[in-house]
Structures are given as C-alpha cells and as structure tokens.
Amino acid sequence: MLNTIIKKNAYQDSVNLMLLTNHVSALQGVYQASIMMGTPANKDIMRNSGLYTEELEQAGANDMCIVIDAEGDDKLDQILAAVDEFLSDQSVSTSQSSTTSVRSWERAIKESPNANLAMISVPGQYAAAEAEKALDYGLHAFIFSDNMPLEEELKLKQKAHEKGLLVMGPDCGTGILSGVPLAFANRVKAGNIGVVGASGTGIQEVTTLIDRMGGGISHAIGTGGRDLSEGVGAITMMDGIRGLANNSQTEVIVVISKPPAREVRDKVMLELHGLSKPVVALFLGEKPACHEGHVYQAYTLEETARIAIDLGKGVSVQAAYSVPIEAPSVELKPEQVSIQGLYAGGTLAAEAAMLIADALQLQDGLIHESGYVLRSNGHSIVDLGDDMYTQGKPHPMIDPATRIQHIENAAADPSTAVILFDVVLGYGGHDDMASVLAPAIGKAAAKAREEGRNLYFVAALCGTHQDPQSYTEQKRKFEEAGVIVKESNNQAVRTVLAMMKLDMEDMPKHHRPAEAAAASTKPASEAIEALLSSKPAVINVGLSKFTASITESGAAVVQYDWRPVAGGNAKMQHILHQLNQYRFEE
Amino acid sequence: MKMKTIDDANKAVIDKIVGAAPFLVDVVPAHTVIPELEEKALLHAGPPIAYQDMTGPMQGSCVGAVLFEGWAEDEAEARSMLEGGKITFIPCHHVKAVGPMGGITSGHMPVFVVQNRSEGNEAYCIMNEGIGKVLRFGAYSEEVINRLTWMKDVLGPTLSRALQSTKDGLNLNVMIAKAITMGDEFHQRNIAASLVFLKEISPYIASLDMDKQDMQSVIKFLADTDQFFLNIMMAASKAVMDGARMMEAGTVVTAMCRNGKDFGIRISGMGDQWFSAPVNTPQGLFFTGYSQEDANPDIGDSAITETFGVGGMAMIAAPGVTRFVGAGGFQDALATSNEMVEISIDQNPNFTVPTWDFRGICLGIDARKVVETGITPVINTGIAHKEPGVGQIGAGTVRPPVECFEKALEAYAAKLGLV
C-alpha cells in the first residue's frame, strides 16, 4: 500500500533526492518509492507514476514528499530511519567542509567580492533568471542547467557579449579554467592546448586523451550544445576562440562541435583562419578530406587530441593517425550479429554511431529518436543520458541503475554479440562505477554462457590518473570482470568492429593552403582575458557537490544554497518583484 | 533623506533602531501609565484574542490576575467573570507594552518604564517573577498571588526609588553591549545582564532608607532570578521598535508576537496592522517527566527581542544555551546566526558579538527577504505546559509561519497600489 510522508521545509536538491530514492527503493520490502520536493511539476510526475496520494495536496515546494509502496506498514519506520540517515550523513559531510554557504546573491557577493564566475545548476525554468543576475553582477556564467528556451539563451548570450562576459551553456556539462575542473570534468595537467567545445563528453574525451598522451590543457570552455545553432549563431564559441587567441598560456586551439549550420560554420571557420595560432577543428560526423592552412580538421576525438599534441610540440601533423587495432579472437554463434552500444556520454555515443555507420557504409546512419543515435542492421547505439532516460532519474554517469537494466536486456537478446559502453571518470561522476557495473556484467555474461553463448564487453575508459577515481584501479576492476578496456572511444569502437570482422580505414588527408586570407581576429574583452589569466573565483549556485573540484584546485568558491524565490509561489514572486521595483513619488 | 525605494525606506527605519537610546527610568503600577487599565481590563500577549480562544496557560493567568486585583473571591467567580465577558482584553502591544508568555498584565502590577530618548517614546513590561509556579505560565495558586503582591508592595516601589536616585535612569544600550560579550542572547539566557543590572542597581538600593528585611528580600530575589533582565530587554526592544516604526514606510518587521493561537507581525509600512497566521509549537528539550505532547503552542510577546535582533537571531552570542534550545552545538549556533543574516537588512554596530568575529547583531528583519528565501526568524522560547498552572516544562526554538510575512507584503503592495 502507498504511504506518504511529508517533511516540511526540508529542501534537498533533486540529484540528492534521486539518489535517495534509489537508496530507498533498494531496501527490502519496498516495491516502489519516490522522494521529491512538492513542486507542482513533481506532483505531476508522481501522478504519472501512480504514486500520487491525497496527502501530497498539502505539500509545498519546500516540503520533501516521500511516497512509498511497501509491504506492510511496519517497514515504514525502518525506511524513515534510512532516509534520515542518508540525509544526515550528507549534512555531516557538508558541515565539515570549509566552504561558506549563503542563501542569497547579496550575501554571495558580500562573501566573495572578487568572484568572476557563477556556476548555475538550478532547475531549468529558473536558470535564465539566475544567469541574468550573474551577468548583472558582472560575473561570467557557467550554466549547467538545461531545458532553457532557445530565445532565453540567445538573450543571455547577447547581453553577455555586450558586457564582455562569457555564458558557458546552458546544458554545459563540463569546463576547465586554469586547471580548475568545473561540473563534470577531469583533473588534467596544465599545458598549451586550449579547447572550446559544444559537447560535454567530447571535451572530456579530448582533454583526458591529451593529458594521458603527455600533453596539457590551458582551458576548456564549454559553450552548450546549441551555441552553434542558427538561432544562437556561435556567440560563445566566437568569444571563447578570441579569449584563447589572446591567452598567453594557449598555443594551440581545439574546436569541437557537431556539424553546425552552414553560415555558422562559415563564420567560425573564417574566425579560425584569422588566428595566429594553429587550430584543430572537429565537426563530429563530418569526414574531412584535407587540412587548410593552419586549420587542421579531425575525424575522431582521438585524432583531435593527437593532432593537438603534435601541434603543441611543434611537430608536423601526420596525414593520418591510424592506431593499430588488435582484434581479440571471438567465438560467436551465427545468430550473434549485433553490436549494442550503451552510452552515458552523448558525444561518445555519437562518435561510436558515426564510426559504425562508416564501417557499414550506411548512407544516413545517425538518428535521434527515443534515445537511439544508431539503429541499423541489428546494431544499436543508445544514449542513456538522453532526456527520455533521465526524466526523474539521475544521469547514467552518476547512477548505474538505467545502464544495468539495459545491460540485462541486451544480454538477454540472442542476437547480441558485443556490448559496448563508456565510462567517464572525473568530478561529478560516480565514485566507483567499475564496482557497481562489474556484478551486472558478470551476471549477464554468465547467463549468456548458460544459454550457450559467449557475450563480449568492450569499454572506453575516459579519465586521467589525477581524477578522484583511480584510472588504473577502474581499468583493473573492469578487466577482472572480463571487459576489454580501451583508452579511447575510437579504439573501443574499432576493436568492436574488428571483432565483428568489420573494417574501416582512415583516409590520409592532404594539406592545402588556406583560400583567402581572413580578417584578423578581434581582441577578447578585458573580462574574458581576466577570466582566463588566473584561477576563477566562483559562486556556485545550486548543486553543492560542484564545489569539491574547485576547492581541491585551490580556487575560491562560495556555495549559494539556491531555493526558488518565495518557494515557487508565483503570486508572491510577482509581489516581491513589484515591491523591489517600486519608486516613491518625489 | 530623500526616499526613493523600499530599500531607502528600510534604511531610514533601521537608522532609527541603531540610533535608539533606551533608558530604564522607573517601575510604576501599570494603570498609572496605561489608562486603559483603570477599568476592569487585562492586557494579553500577541495579536487580539478572545478569552474563549486562549490556550490553558493564558486563561490560567487571567484567573490569577483577577484574583490578584481582588475582582473575585475565588477561582470559580473569576472564571465566571472572564467567561461572562466582564473583563476587557487588550493586546499589550496596543498600549506600548509587551508581556512574556501569557503576557497577562493588570492595573496594579508594577511595570518597567523604558524611555527611548532618541524618539521620546516609552514602553512597559511587567517584572519577571522567577521560575516555577508563576503567573505568566498560567499558575494562580496562593503562592503565585502572594509573590505578585510582594512585587507590587515591595519590589516595585524599591526599584522605583532606586531608579529615581540614579537621576538619569540606567542606560540600557551600555548594559546590553556588556552582557552580549558575556554570553547572553537576552531571550534564553539573561544571567549576565541580570548580574549587570544587579551590579548597577544595588548601590542605590543599599542607600535607600527602608526596612532591612525588605531590602534583603529584594536583593535576594534579584540575585536568584537569572532571567530578571529578560523583561527589561523586552521593554527596551519594544521602545526601540516603536520608535523606529514612527517612520511609516518599508518592509522592516517591527513586532512579532504570539497569543497561543496566532502569530502576529507588524511591518513598518503598515503601521499598527497585524498580519497573523496560526502559531507553530516550539520544539526543544523538556524537563524530566514532560514531552513534546505536553507543549503549549507558541505564546508570548518575548519575540520582540528577536525583532530587535537578539534572542534566536543572536544565537551565536550565547554558546552556553545552544544545546539547551535544541541546537546541536556551536557550529549549529553559528549556522543559525549566519542564516538569520540572510533575512536581515544589516548588522547593528552597537552590539558586537565576540564569538562571531565581533560582527554586530542582526538589524532589521526584512519581510521581503523572509518571503523570498523562505527563511523565517528563529525564536528562542520557554515552553509552557498546555494545562494552566503547571508552568514551564522546557525550552526550545520556534519559527513564525511564513504566511504572516506574505500577508504583510501583500497588504503593503496593495497600499502602494501595486496589486
């Protein structure tokens, strides 16, 4: 039966609550559980999942709502105790941290008068307003939040550009500024390669590969996935490129994006040709045939990293960077013909789909429907970080539950030959993904064996040796579970292709001079120059766990424990706005 | 000063709080300064309430006050008078007064007179009776009435004469500033301020020409009553906040009080109007034998101290009582005070807190900030038994309902023609 518990004025952010929900759901005797703040939107979700109860009517946006379907009422106390323990553990760990936390912009600015960057991870519908406040305080904005309307993004970016500020995002998952990892990011060595990218895991893959290949990163600037759309017109990308062009630590510039709209692409390319620094451009999905002037074009994330390293060392760029792939011998049943890719990283999924489509010589292999990025000839690549899998659930980089479910399903399918997946280490991600995925992998492989099939697992492990999770340990744990672990997504995919006897070759690219000389670049604004010249001073608005990577890098951060204004009460929000705008008559 | 925005208005209000100069000048029978008490009338704590809506302790206090005034021979007669509507009820706040817990004040009870010399206004509060069986918690036994009579006949007149001989009265800002550095927050803990008061007043008492035994009993009472200064602090806070709200604009909270049923607040821009919502019940630690179940809902005018910026708003000043009021220790006290900064307009440089790096106490609760953040003020409070006469059963903290602040803002927005 359904039991409802309302904890009044007990705000927790949604990520914590989703983790708590999983924790509670796993308790014995619990069929189903949902723990959310009592916002109207969340109540709808409860309604949709059949967990709505009348008691929820009374709950407000600052009240924690716990709805549990459990056997018998006697479990309830035990469950409540587990909830309290989970939450208090958290408060112990937060109370021990030395980070100052505040509840308003006003105090945040007071506590950190030198702040120059706001990290915003509030619910999407509030993100634009908070980012605008950040800009008004003269702060650059890093917007982790997603679901912001395009016109809001455009408005913010135009305003920022006019003020000489940078808006990274929305939906910006990663960034590295002067070695300080932001949100989902890795601890990489310092170096002369600067990155601007419209893709989160793409930046993570390139920066970690550069790190492990012996290079280093000056900055990695995320732009948000829609920056190069026609609607936004690459405002952040252009300002980011100018920032890196001006930045003395940066000697090589890497640009990563999905193939942009034609005019946007031309605008960006024109800018790149006008730079005095060498550039590697990756428009993932395009298969470039040549390099032009000092603008080198890559096909994969790994190739991007390799060209950047060579440019950084001042070594001449090779026509092709083919890595020899050793195909492990496999024994498959005749019906085992398909590759099942279960990805947490969107760009990594897209890269896998691109390579497989290329090998299969599919005309239009890449799709974007119901979480699939490829579904052809029995092969499929799923992006488990897609909205359709993350509604009310944590991202698969944080929580393994969705992926474990998919591993079970894929393993039960007799046509599956290889399960391909990515593991992204770094801040923000799971503490020990190998330990939680390994048992599921072991179980799936054993089950297939019982049914007389060999099932193979290949993983791309993205991260650095400096990351909070040990790269070597994670690799060892996966290998012990029978997983073939590759150090780049490109190699992982090609290994799978080789196992399936599919072949693909890298076409050598010729080098031709740039066409017309481009106009010289405009200088970056003073504020952007300052942002890139030393470690940022951050106001973290929202998810408190994002402060860890910043404090551990020796940078300053103030935690703003954000809550919706007036608990989300629209009428009071309006009244507050009116009062704040009010002018007494002279 | 030219006032353009609500922030400017609020600044003008808090400037009056900072500039206030409260002096304790006298102790007099209540009816001499509150003419309403010449009739058969009683003052009570909180926003207006009818006798039948009062919780047990406040009703018990009423019975005690009727007996004390000699309006009835016994409890039964007193109750029938009260139930029969023979007694007029007035909120303390409506007559420049404040009263702890039940707040029941009758004409012949002695009250402190505090003058705010910056604005020329006065405020009154009855004297603290000590702990145990006391009127403010609803007790009305013979012991209680006898003590009240002694306070009327001996304690009040003695303190009055002693204060007269100081010529200027006692400068309360100085005493408050001293005691805050000695670990008082002036709501849950007043022992330092009470001792400072005793230190200031005893030379004057000693030089009075009076009965030796009476003198001894007065000194002993003052020495025994740790919370004696609380009622002086309440009158001082009332005098300061009433002075500040002469500036009738803005969103500064100028009063917070509870009658056991409703929590009422006033804001500077809305003058005398109350904005009420049902009170919460305090949470805290209980004396042996009592539990949360026995607790009376939130009651008393003592939250005027939090309105001024002490009490729960200055939790960090009194590490000694943070455990007693249910908080988890020094770090929690620090977190509480830091949280209170979020809803305050500024910090009062007159009263700096050593345990808070000498930051000033919270200054001016802004109702807008309360509504915006959802952070409500923390109030330290004694907890009364819900049955009359049992008295105090514990102490803890309580918060006002946010609806009071929402209603106040809504009304102010309407007054300004914004909605």
Could you grab me the full set of residues in the stretch B:130-177 that are free of Cβ contacts under 8 Å to residues at least 12 places away in the same chain and polar (S, T, N, Q)? B:Asn146
Of the conditions (1) within 30 Å of B:Ala177 (Cβ to Cβ); (2) surrounded by fewer than 24 Cβ atoms within 10 Å (Cβ to Cβ); (3) more than 14 Å from chain A (Cβ to nearest Cβ), B:Met247 satisfies every one except a single condition; which number is it? (3)
Looking at the structure I just gave you, is A:Met238 within 20 Å of A:Gly138 (Cα to Cα) and not acidic (Asp, Glu)? yes
So which residues in the stretch A:277-294 are aliphatic (A, V, I, L, M) and open to solvent by 30 Å² or more (accessible area, probe 1.4 Å)? A:Ala289
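Return yes when B:Lys16 is in contact (Cβ under 8 Å) with a residue 40 or more places away in the chain and within 14 Å of chain A (Cβ to nearest Cβ) and no when it is not. Please lay out each step first, then the result.
Details: in contact (Cβ under 8 Å) with a residue 40 or more places away in the chain: yes; within 14 Å of chain A (Cβ to nearest Cβ): no.
Taking the combined requirement at face value, the residue does not satisfy it.
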Within the set of pairs 6 or more residues apart or between chains, which connect a residue that is of a type in the set (Lys, Arg) inside the stretch A:281-308 to a residue that is open to solvent by less than 20 Å² (accessible area, probe 1.4 Å) with Cβ atoms less than 6 Å apart? A:Lys287/A:Tyr299
For strands (runs of 3 or more DSSP E) lying entirely in the stretch A:1-119, having 3 or more residues that are within 14 Å of chain B (Cβ to nearest Cβ) picks out A:100-102
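Taking A:Val122, is it open to solvent by less than 20 Å² (accessible area, probe 1.4 Å), in contact with a strand residue (DSSP E or B) (Cβ under 6 Å, 6 or more places away or on another chain), within 13 Å of chain B (Cβ to nearest Cβ) and at pLDDT below 95?
Numbers: open to solvent by less than 20 Å² (accessible area, probe 1.4 Å): yes; in contact with a strand residue (DSSP E or B) (Cβ under 6 Å, 6 or more places away or on another chain): yes; within 13 Å of chain B (Cβ to nearest Cβ): no; at pLDDT below 95: yes.
So A:Val122 fails the test.
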A:Asp503: among the charged types (D, E, K, R), at pLDDT below 95 and over 27 Å from A:Ser199 (Cβ atoms), yes or no? yes
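Among the candidates B:Ala249, B:Ala244, which residue alone is farther than 30 Å from B:Leu198 by Cα, at pLDDT 95 or above and touching a helix residue (DSSP H, G or I) at 6+ places or on another chain (Cβ under 8 Å)? Give the steps one after another, and end with the answer.
Details: B:Ala244 fails: farther than 30 Å from B:Leu198 by Cα.
Being farther than 30 Å from B:Leu198 by Cα, at pLDDT 95 or above and touching a helix residue (DSSP H, G or I) at 6+ places or on another chain (Cβ under 8 Å) holds for just one of B:Ala249, B:Ala244, which is B:Ala249.
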Out of (1) open to solvent by less than 10 Å² (accessible area, probe 1.4 Å); (2) among the small types (Gly, Ala, Ser); (3) closer than 24 Å to A:Asn489 by Cβ, the odd one out for A:Gly243 is which? (3)
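Conditions tested, residue by residue: (1) farther than 20 Å from A:Lys277 by Cβ; (2) open to solvent by less than 30 Å² (accessible area, probe 1.4 Å); (3) in contact (Cβ under 8 Å) with a residue 24 or more places away in the chain; (4) in a helix (DSSP H, G or I).
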position: A:Lys159; (1), (2), (3), (4): yes, no, yes, yes
position: A:Val195; (1), (2), (3), (4): no, yes, yes, no
position: A:Gly202; (1), (2), (3), (4): yes, yes, yes, yes
position: A:Gly224; (1), (2), (3), (4): yes, yes, yes, no
position: A:Met237; (1), (2), (3), (4): no, yes, yes, yes
Can you list residue pairs whose Cβ atoms sit under 6 Å apart, with the first residue in the stretch A:255-272 being surrounded by fewer than 20 Cβ atoms within 10 Å (Cβ to Cβ) and the second being not in a strand (DSSP E or B)? Count only pairs 6 or more apart in sequence or on different chains. A:Pro259/A:Gly285; A:Ala261/A:Glu230; A:Leu270/A:Ala518
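Conditions (1) open to solvent by 10 Å² or more (accessible area, probe 1.4 Å); (2) in the same structural domain as A:Glu205 (by TED's automatic domain parsing); (3) touching a Cys at 6+ places or on another chain (Cβ under 9 Å), marked per residue:
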{"residue": "A:Gly385", "(1), (2), (3)": "yes, no, no"}
{"residue": "A:Thr390", "(1), (2), (3)": "yes, no, no"}
{"residue": "A:His406", "(1), (2), (3)": "yes, no, no"}
{"residue": "A:Gly426", "(1), (2), (3)": "no, no, yes"}
{"residue": "A:His430", "(1), (2), (3)": "yes, no, no"}
{"residue": "A:Ala434", "(1), (2), (3)": "no, no, no"}
{"residue": "A:Phe457", "(1), (2), (3)": "no, no, no"}
{"residue": "A:Gly463", "(1), (2), (3)": "no, no, no"}
{"residue": "A:Phe478", "(1), (2), (3)": "no, no, no"}
Out of the residues in the stretch A:33-87 meeting the condition of being surrounded by 12 or more Cβ atoms within 10 Å (Cβ to Cβ) and among the polar types (S, T, N, Q), tell me which one is farthest from B:Pro401 (Cα to Cα). A:Ser49
Among residues belonging to the stretch B:1-13 that are open to solvent by less than 30 Å² (accessible area, probe 1.4 Å) and either touching a Cys at 6+ places or on another chain (Cβ under 7 Å) or touching a residue at least 60 places away in the same chain (Cβ under 8 Å) (or both), point out the one that is nearest to B:Ser302 (Cα to Cα). B:Val13
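With the condition kept exactly as written, say whether any residue in the stretch B:58-81 is closer than 28 Å to B:Phe308 by Cβ and among the β-branched types (Val, Ile, Thr).
Quick first cut of the stretch B:58-81, residues closer than 28 Å to B:Phe308 by Cβ only: B:58, B:61-62, B:65.
Next cut, among the β-branched types (Val, Ile, Thr) only: none.
No, there is no match, as no residue in the stretch B:58-81 is closer than 28 Å to B:Phe308 by Cβ and among the β-branched types (Val, Ile, Thr).
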Taking the stretch A:569-586 as the region of interest, how many residues are within 7 Å of chain B (Cβ to nearest Cβ) and under 14 Å from B:Phe405 (Cα atoms)? 4
Failed condition for B:Asp184, given (1) at pLDDT 95 or above; (2) open to solvent by 10 Å² or more (accessible area, probe 1.4 Å); (3) among the acidic types (Asp, Glu): (2)
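The values are calculated or read from the model by the stated rules, or taken from the named source; none is laboratory data. Just so you know, these numbers come straight off a predicted model, no measurement behind them. Quick reminder, even Gly has a Cβ in these numbers, built from the backbone with ideal geometry, and neighbours come from all protein chains shown. With ligands, DNA and RNA removed, areas are computed over all heavy atoms of the protein, side chains included. Shrake-Rupley method; radii C 1.70, N 1.55, O 1.52, S 1.80 Å.
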